[in-house]
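Colleague: This is the structure I have questions about; it appears just below.
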Amino acid sequence: MYDVVALGELLIDFTENGVSAQGNPIFEANPGGAPCNVLAMLQKLGRRTAFIGKVGDDAFGRTLRQTGLDAGIDMTGLAADERVHTTLAFVQTAPDGDRDFSFYRDPGADMMLAPAEVPDGLIEDAKIFHFGTLSLTDEPVRSATVKAVALARKAGAVISFDPNLRPPLWRDMYVAKAMISWGLAQAEVVKIADNELEFMTGLTDFDAGAAMLLAEHPNIRLLNVTAGADGSYAYAGGHRAFVPAYRLGGTIETTGAGDTFCACVLNYVLDHGLKGLGVDELTEMLRFANAAAYLVTTKKGAIRAMPDREQVLAVMGA
C-alpha cells in the first residue's frame, strides 16, 4: 500500500545560476513539479509514494523519470508523449527570494495525460491522494484528474489539495477560481498560500479568510495557510495555531518550500490522523513543516534539495 500517491505536473525548472564570462544569464536545469516535489520530501521521511503524470519522450522527460526513481518514488504511473515535449519553466528570483515564472507549456506533455492513462491500481492502494490545479488548467489532464479524485474517494483515501495558483497558465482567471473551488470541495487536507487565500476570498486577514473557506467547504478537516517568511497557520476542529518561519539566513530561492511544507503536513497526518488535532498537535506539525521548508530555500531546485529528518530536527533545535 502506498502512503501517498500524487498526480500532476513533472517539469524542468530552469533557475538562475549566475552569469557567464560574456555576461549572459546561466540557468540550471532542476527537476521539479509541485506534486512530485511533495513525494520527494515524503520519501526522505521514509514514506512509500507513487506519481502519476506525463512527460515528453525526450531528454528532459527521461531525466525526470530517472530523478523520480533516484528519489525512491514509484514512477510506473508516468506516461511519455511521443509528440508533445516535456514542460519547461524558467524561474527568475528576486532579491527577497520571491519568484517569477515563465512557462513553455502550450502545450506541454503534462497537459496531455488522458483518463485512460490513469492507473486505477495505484490510487486504489493509496492512503492519501494529492493533487493541485496545474492538472486542471486544460484537457485531457483535467478529466484525468477528475477520474483520479473519484477513484481516490471510492477507495476511501484521504484527499489532499494544493491550489498552487500560477496565473500565466490560465487563459481565464474565472475558470481558475472555479477549478480551485472544485478542488477545495474534494479535499479533507488543504495547503493554501496567502495570495491564493486572498484570491479565493478577497480577504487579507488569514483568520477571516480561513473561516470563509471552512464555512464554504465543510469537507476540509485540516486547512493550512502559508505566509512565506512570516510563518504558517493551521486550522482544524475549531482550533487555530500559528508558528513563525525560521529565519536563520542563507535563503537562495523559495522554489519547493510550499511543497516541502505540504509533504510534512501529510506525513503528520499519516502518523496522527485527522481526529483530535488540537493547538499542541497543530503547533508541533507546523514547527516541523516550517523547518523543512526553510532548509529547501537554502538550495536551488526542489526534488534534489529535500532535507532528511535529522537535518530538520537540527534546525528545530537551533
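Colleague: Please give the length that would be gained between Val146 and Thr63 if that part of the chain were fully extended, namely 0.36 nm times their separation in residues minus their C-alpha to C-alpha distance (nm, one decimal).
Modeller: That works out to 27.1 nm of additional length.
Colleague: Run the numbers on region 72-139 and let me know its relative contact order in percent, using alpha-carbon pairs under 8 Å that are six or more apart.
Modeller: Relative contact order, region 72-139: 30 percent.
Colleague: About the Cα centre of the chain, what is the dipole size in debye to 20, counting +1 per Lys and Arg Cβ and -1 per Asp and Glu Cβ, all else neutral? Please report the intermediate quantities before stating the final value.
Modeller: Working: 27 positive and 40 negative charges, 91 e Å.
For the chain, the charge dipole is close to 440 debye.
Colleague: Give the calculated FRET efficiency between Glu284 and Leu248 to the nearest 0.05, with a Förster radius of 25 Å applied to their Cβ-Cβ distance.
Modeller: Efficiency computed from Cβ-Cβ geometry: 0.80.
Colleague: Right, something else. Quick one: 3J(HN,Hα) in Hz for region 143-150, Karplus 6.51/-1.76/1.60 with θ = phi - 60°, rounded, Gly and Pro as x.
Modeller: 5, 5, 5, 4, 4, 5, 4, 4
Colleague: If you average the sequence gap of Cα pairs under 8 Å that are 6 or more apart and divide by the length of region 21-102, what percent do you get for the contact order?
Modeller: 26 percent
Colleague: Could you rank the peptides 259-271, 80-92 by their average count of other C-beta atoms within 10 Å per residue, with the highest value first?
Modeller: 259-271, 80-92
Colleague: With percent of Cα pairs over 38 Å apart as the read-out, I listed (1) 20; (2) 7; (3) 14; which label goes with the value calculated from this structure?
Modeller: Checking each listed value against the structure points to (2).
Colleague: I would also like to ask the following. Quick check: from the Cα gyration tensor, does region 83-158 come out rounded (a/c under 1.5), prolate or oblate?
Modeller: Oblate is the answer for region 83-158, as a/c is 1.5 or above yet b/c matches or exceeds a/b.
Colleague: Given labels modelled 7 Å from the Cα in the Cβ direction, how far is it in nm from Leu270 to Ala314?
Modeller: 2.3 nm
Colleague: Taking 8 Å as the Cα distance limit and 6 or more residues as the minimum spacing, I'd like the relative contact order of region 1-157 as a percentage.
Modeller: Numbers: 358 pairs, mean separation 41.8, N = 157.
Here the relative contact order equals 27 percent.
Colleague: Here's something else I'd like to know. Scan around Arg240 for amide H atoms under 5 Å from its own, H built in the peptide plane at 1.01 Å from N, and keep only partners 5 or more places away or cross-chain.
Modeller: none
Colleague: Shifting gears a bit: Sort 4-15, 23-34 by packing, meaning the average of other beta carbons within 10 Å per residue, with the highest value first.
Modeller: In descending order of packing, they fall as 4-15, 23-34.
Colleague: Give me the extension gain from Ala116 to Asn17: residue separation times 0.36 nm, minus the current Cα-Cα distance, reported in nm with one decimal. Please list the in-between numbers first.
Modeller: Values: separation 99, 0.36 × 99 = 35.64 nm, distance 3.95 nm.
Gain in length upon complete extension: 31.7 nm.
Colleague: Lysine pairs in the chain 8 or more apart or on different chains: how many have alpha carbons under 21 angstrom apart?
Modeller: 13
Colleague: Taking the simple approach of a point 7 Å from Cα along Cα-to-Cβ for both Arg171 and Arg304, what is their distance in nm?
Modeller: Output for this residue pair reads 3.6 nm.
Colleague: Continuing with the same structure: Restricting to DSSP H runs of at least four residues, report the calculated mean residue ellipticity at 222 nm for the chain, -39500 (n - 2.57) per run over all residues, nearest 500 deg cm²/dmol.
Modeller: Numbers: 10 runs with 119 residues, N = 318.
The per-residue figure over the chain is -11500 deg cm²/dmol.
Colleague: Which FRET efficiency value, to the nearest 0.05, do you get for Lys154 and Phe90 by plugging their Cβ-Cβ distance into 1/(1 + (r/R0)^6) with R0 = 25 Å?
Modeller: Using R0 = 25 Å, I get an efficiency of 0.05.
Colleague: Can you tell me the length gained on complete extension of the stretch Met212 to Ala185, counting 0.36 nm per residue apart and subtracting the Cα distance?
Modeller: Result: 8.4 nm gained on full extension.
Just so you know, all these numbers are worked out from the coordinates, no wet-lab data involved. Worth saying up front: this structure is predicted, and the values here are computed from it rather than measured. We place every Cβ from the backbone using ideal geometry, glycine too, and count neighbours over all the protein chains shown.
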